[in-house]
Amino acid sequence: MGWLTEWKRSRVLKKHRLDEGLWRAALREFDFVRRNESQKLKDLVLLFLAEKEFAGAHGFEVTDAIRVAIAAQACLPVRELGLDWYRGWRGIVVYPGDFRVRRSEMDEDGVVHEWDGELAGEAMPGGPVMLSWDAAAHDPHMNVVVHEFAHKLDMLNGEANGVPPLHPGMDRRAWREAFREAYAGFCEAVERGQDTWLDPYAAANPAEFFAVLSEAFFEHPAETKRRYPEAYDQLKLFYRQEPK
Ligand SMILES: [Zn+2]
């Protein structure tokens, strides 16, 4: 972090305070943040609000409570890492509900396939995070905010592949083995049509598995630890915290 950023940040923290009533109202539905709140988290949220830019899509009004709710959930994963882990982009676009996207992909024969999709969230490499507020506020089966911001961390070292930049001292092989095993077991259960505790969408690819497991790590840490002890340990080392 350069001195200018440092100076700007200390100025933001000196001049601004998070309103306690707003904080409580914004996080009423987000217990997992309240369980893990601290002054450090609140300071990070202030900086996040100062440095990121929110925009509403389709005429959606992004209220202060919505900004705080999104910022707080986005900041919890980087509470012990710092805001620089969200460097290189600024925008957060909030849709009232799920949004349509047009996708195209070229297969190995050079044929381009196009399709339309409905998304609850998306993280663009080097670009904005897009979120459906309806999904963020009301979908009990996913945490779209933690999910998309986990993708952002994963994208810091290139394409999202389920391996974010690991810290010095972390064992890359231990990470790969823990996640390979957890992912393989999970995909097998999905293929067999078994009820899975995690969203079956996590079987799409290792990047989605990492994002979905990160949601579980923060929202249901005890159950995550019980079901995926090795992957849990790696997430603990990466996020440098054990959520309550
Ligand atoms: Zn995803």
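Each reported figure results from applying straightforward, stated rules to the coordinates on display, with no laboratory input. Please read these numbers as outputs of a predicted model, since none were measured by experiment. With ideal geometry, Cβ positions are generated from the backbone for all residues, glycine too; neighbour counts draw on all protein chains shown.
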The chain - Rg and Dmax from Cα coordinates, angstrom: 18.2, 58
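Using a simple charge model, +1 on the beta-carbon of Lys and Arg, -1 on the beta-carbon of Asp and Glu, nothing else, what dipole does region 14-99 show about its Cα centre, in debye to the nearest 20?
On the way: 14 positive and 13 negative charges, 67 e Å.
Dipole size: approximately 320 debye.
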Against the longest principal axis of the chain, how steep is helix 3-15, in degrees 0 to 90 to the nearest 10, with axes from Cα atoms? 60 degrees
Against the longest principal axis of the chain, how steep is helix 206-219, in degrees 0 to 90 to the nearest 10, with axes from Cα atoms? 50 degrees
Taking the Cα centre of the chain as origin, work out the dipole magnitude from +1 charges on Lys and Arg Cβ and -1 charges on Asp and Glu Cβ, in debye rounded to 20. 1560 debye
Under the rule rounded for a/c under 1.5, else prolate if a/b exceeds b/c, else oblate, using alpha carbon gyration tensor axes a ≥ b ≥ c, region 53-124 is classed as oblate
Positive-pole candidate from Ala174, His113, Ala136, dipole of region 84-200, charges at beta carbon: Ala174
With DSSP loop assignment and no more than 12 other C-beta atoms within 10 Å, the trypsin sites (Lys or Arg not before Pro) in region 2-52 are Arg17, Arg28
Which stretch or stretches of region 133-166 have amide N atoms under 15 Å from the point lying 7 Å from Asp98's Cα along the Cα→Cβ direction? 133-144
Calculated from backbone phi, Karplus (6.51, -1.76, 1.60) coupling profile of region 54-64 in Hz, x at Gly/Pro: 9, 9, x, 9, 6, x, 6, 8, 8, 6, 4
Does region 148-201 come out rounded, prolate or oblate, given a ≥ b ≥ c as the square roots of the eigenvalues of its C-alpha gyration tensor, rounded meaning a/c under 1.5 and, failing that, prolate meaning a/b above b/c? oblate
Estimated Rh, region 7-80: Kirkwood, alpha-carbon pairs, angstrom: 12.8 Å
Let me know the Rg and Dmax you get for region 97-180 when you use only its Cα atoms, in Å. 15.8, 43
Could you give the length gained on full extension between Glu108 and Arg176, defined as 0.36 nm per residue of separation minus the Cα-Cα distance, in nm? 21.8 nm
In the chain, with Lys and Arg counted as +1 and Asp and Glu as -1 at Cβ, which of these residues, Ala160, Leu46, Val146, has the Cα nearest the positive end of the dipole, that is, farthest along it? Leu46
Just to verify a number: FRET efficiency for Lys244 and Ala65, C-beta to C-beta distance, R0 = 30 Å, to 0.05? 0.80
How compact and how long is region 15-139, expressed as Rg and Dmax of its alpha-carbon atoms in Å? 16.6, 58
On a 0 to 90° scale, report how tilted helix 144-154 is relative to the longest principal axis of the chain, with both axes built from alpha carbons and the result rounded to the nearest 10. 80 degrees
